[in-house]
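The values are calculated or read from the model by the stated rules, or taken from the named source; none is laboratory data. Computed from a prediction, not measured in an experiment: that's the story for all the values here. Cβ placement follows ideal geometry from the backbone for every residue including glycine, while neighbour counts extend to all protein chains displayed. When the accessible area is computed, the model is the full protein with side chains, heavy atoms only, and any ligands, DNA or RNA have been set aside. Shrake-Rupley method; radii C 1.70, N 1.55, O 1.52, S 1.80 Å.
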Amino acid sequence: MKADDEQTDLLVIGGGVLGAFHAYHGLQQGRSVTLLERNAAPKSATVRNFGQVVPSGMDPHWQQFGIESLRIYKAIQSQFDISVRQLGSIYIASNDEELALIEELAAINLENGYASELWTVQQCRDRYPQLRADYCVGGLFFPDEVSVNPRMMIHRLHQYLLQTPQFRSCFQTAVCDLSTNQDGRVTATCTDGRTFVAKKVVVCSGSEFQTLYPQLFAASDLVAVKLQMLKLRSQPDATLPGNVLTGLSIRRYECFAQCPSWNEIKSREPEDDFSKRWGVHILFKQEAEGGIILGDSHEYSPASQIDELDFEIRQEINQYFITEGKKIFDLPSWDIEASWAGVYCQTKHPSGIFTRTIDDNIHIVTGIGGKGMTSSAGFAKHHLQELYHD
């Protein structure tokens, strides 16, 4: 160990939501934590999503991590503003099949003790005055769920972590090598020549995973997923509180797979529908300043061939968002302020996340997929408890 090595108990590589919450829980355990991020700020999936924290949409296993995440978000928000707003989530059914699914899920939620409320058409329209009467046949509301501003939350979370003396973060710091010393400590060598020594390292970035362990990365089952979404211009005369999920979400989300009617309803879906081809479901989330995020779509490629996912914004997908959105809400304006794409990785493994341990003290954890904003906080707590056998 060189005299200029920077030492820490836990070294986290990757400053996105999964890495930042590993750092948070390391600090909660009383450990010194250093976080390294290759960019000047997180710029990938963590800041390119809706910012919907919706455990309601997950399978029973991951829903527990999501529920724990809700507690963590609210606890941090009570001490430091990271943009958390508790406005709930609603699933709006557009026909009798979707209504049957939300009714069945409400019964499952009651049995599991997760708060949800079946709403009539009038209750839905009372909360959402712009909701079209010819779309809605009922809703399922989750009062405990929250929203965050994805482009703001992660930066404020980093600021919150910096209040703890045992924490330090280094941005624009890319790791090019990890090696285990004779005493079991891990040395991380960065592209700028700096080195960090840690008792444990958690790699939460797909980029570093690919750089550090290219053969393992190429052989993994990771799939890259490209999302596309847009933001409508601020419209203070329209109010869409909380997370709004619609009929296509009801037909897509994992939570509904446990409903008795699910298999029969899915078997009747058309094979060549545009929404199925591009993996579209229609979500709305209004930011505090009035702009409305609308989307999203899903395109897939093996992570080892991620370049197959081009960087283009597909106008036909944006047009589909608008066309379908107009069937759901009568908004004052459908003018697009911005449109963007983001890419995340997910695993085909039944666990729902890619984990691998190398040399006992190097732990790769990535591929959390679209569950990152909702479940990273809760999963990271569980994962660190496993790693430290607490």
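In the stretch 305-323, how many are crowded, with 16+ Cβ neighbours inside 10 Å and either in contact with a helix residue (DSSP H, G or I) (Cβ under 6 Å, 6 or more places away or on another chain) or hydroxyl-bearing (Ser, Thr, Tyr) (or both)?
Within the stretch 305-323, residues that are crowded, with 16+ Cβ neighbours inside 10 Å and either in contact with a helix residue (DSSP H, G or I) (Cβ under 6 Å, 6 or more places away or on another chain) or hydroxyl-bearing (Ser, Thr, Tyr) (or both) number 1.
Can you name every one of the strands (runs of 3 or more DSSP E) wholly within the stretch 71-153 that holds 3 or more residues which are crowded, with 19+ Cβ neighbours inside 10 Å and in contact with a Ser or Thr (Cβ under 8 Å, 6 or more places away or on another chain)?
Values: elements: 89-93, 117-119, 138-142.
Counting at least 3 such residues, we get 89-93, 138-142.
With the requirement that a residue be over 18 Å from residue 13 (Cα atoms) and either polar (S, T, N, Q) or open to solvent by 10 Å² or more (accessible area, probe 1.4 Å) (or both), what does the stretch 362-381 give you? Lay out the reasoning, then the answer.
First pass over the stretch 362-381, keeping only residues over 18 Å from residue 13 (Cα atoms): 370-371, 374-375, 378.
Those that are over 18 Å from residue 13 (Cα atoms) and either polar (S, T, N, Q) or open to solvent by 10 Å² or more (accessible area, probe 1.4 Å) (or both): 370, 371, 374, 375.
For the stretch 271-297, which positions are closer than 21 Å to residue 316 by Cα and in a loop (DSSP other than H, G, I, E, B)?
271, 272, 273, 278, 279, 280, 281, 282
Within the stretch 32-67, can you find the residues that are at pLDDT 95 or above, outside any strand (DSSP E or B), aliphatic (A, V, I, L, M) and closer than 22 Å to residue 298 by Cα?
Listed by number, the residues that qualify are 54, 58.
Do you know which residues across the stretch 213-252 are open to solvent by 10 Å² or more (accessible area, probe 1.4 Å), basic (Lys, Arg) and touching a strand residue (DSSP E or B) at 6+ places or on another chain (Cβ under 6 Å)?
231, 233
Would you please list the contacts, defined by Cβ atoms under 8 Å and residues six or more apart or on different chains, that run from a residue in the stretch 267-293 that is free of Cβ contacts under 8 Å to residues at least 60 places away in the same chain and buried (at least 16 other Cβ atoms within 10 Å of the Cβ) to a residue that is among the small types (Gly, Ala, Ser) and in a loop (DSSP other than H, G, I, E, B)?
Qualifying pairs under 8 Å: 286/238.
Given the criteria assigned to a helix (DSSP H, G or I), more than 12 Å from residue 220 (Cβ to Cβ) and either in contact with a His (Cβ under 9 Å, 6 or more places away or on another chain) or among the aliphatic types (A, V, I, L, M) (or both), does residue 377 qualify? Steps first, answer last, please.
Details: assigned to a helix (DSSP H, G or I): yes; more than 12 Å from residue 220 (Cβ to Cβ): yes; either in contact with a His (Cβ under 9 Å, 6 or more places away or on another chain) or among the aliphatic types (A, V, I, L, M) (or both): yes.
Criteria met by residue 377.
I'd like to verify a number: residues in the stretch 324-351 that are assigned to a loop (DSSP other than H, G, I, E, B) and either among the acidic types (Asp, Glu) or open to solvent by less than 10 Å² (accessible area, probe 1.4 Å) (or both), how many?
Residues of the stretch 324-351 that are assigned to a loop (DSSP other than H, G, I, E, B), as a first pass: 327-328, 330-335, 347-351.
This time we only want the ones that are either among the acidic types (Asp, Glu) or open to solvent by less than 10 Å² (accessible area, probe 1.4 Å) (or both), so: 328, 330, 335.
Of the residues in that region, 3 qualify.
Select, from 79, 29, 52, 63, the only residue that is over 26 Å from residue 353 (Cα atoms) and in contact (Cβ under 8 Å) with a residue 40 or more places away in the chain. Walk me through it before giving the result.
Values: 29 fails: over 26 Å from residue 353 (Cα atoms); 52 fails: over 26 Å from residue 353 (Cα atoms); 63 fails: over 26 Å from residue 353 (Cα atoms).
On inspection, the qualifying residue turns out to be 79.
Out of curiosity, is residue 359 modelled with pLDDT under 95, open to solvent by 50 Å² or more (accessible area, probe 1.4 Å) and on the phi > 0 side of the Ramachandran plot?
Values: modelled with pLDDT under 95: yes; open to solvent by 50 Å² or more (accessible area, probe 1.4 Å): yes; on the phi > 0 side of the Ramachandran plot: yes.
Spelling it out, residue 359 is indeed modelled with pLDDT under 95, open to solvent by 50 Å² or more (accessible area, probe 1.4 Å) and on the phi > 0 side of the Ramachandran plot.
List the pairs whose first member sits in the stretch 353-372 and is in a strand (DSSP E or B), whose second member is polar (S, T, N, Q) and open to solvent by 30 Å² or more (accessible area, probe 1.4 Å), and whose Cβ atoms are under 6 Å apart, counting only residues at least 6 apart or on separate chains?
Pairs that qualify, where the first residue is in a strand (DSSP E or B) and the partner is polar (S, T, N, Q) and open to solvent by 30 Å² or more (accessible area, probe 1.4 Å), are 363/357; 365/355.
Taking the conditions exactly as written (at pLDDT below 95 and among the hydrophobic types (A, V, I, L, M, F, W, C)), does residue 198 satisfy them or not? Before the answer, list the steps.
Working: at pLDDT below 95: no; among the hydrophobic types (A, V, I, L, M, F, W, C): yes.
When the stated conditions are applied, residue 198 does not pass them.
Within the set of pairs 6+ apart or on separate chains, which have a first residue in the stretch 208-222 that is over 15 Å from residue 362 (Cβ atoms), a second that is of a type in the set (Phe, Trp, Tyr) and surrounded by fewer than 18 Cβ atoms within 10 Å (Cβ to Cβ), and C-beta atoms under 9 Å apart?
Cβ pairs passing all conditions: none.
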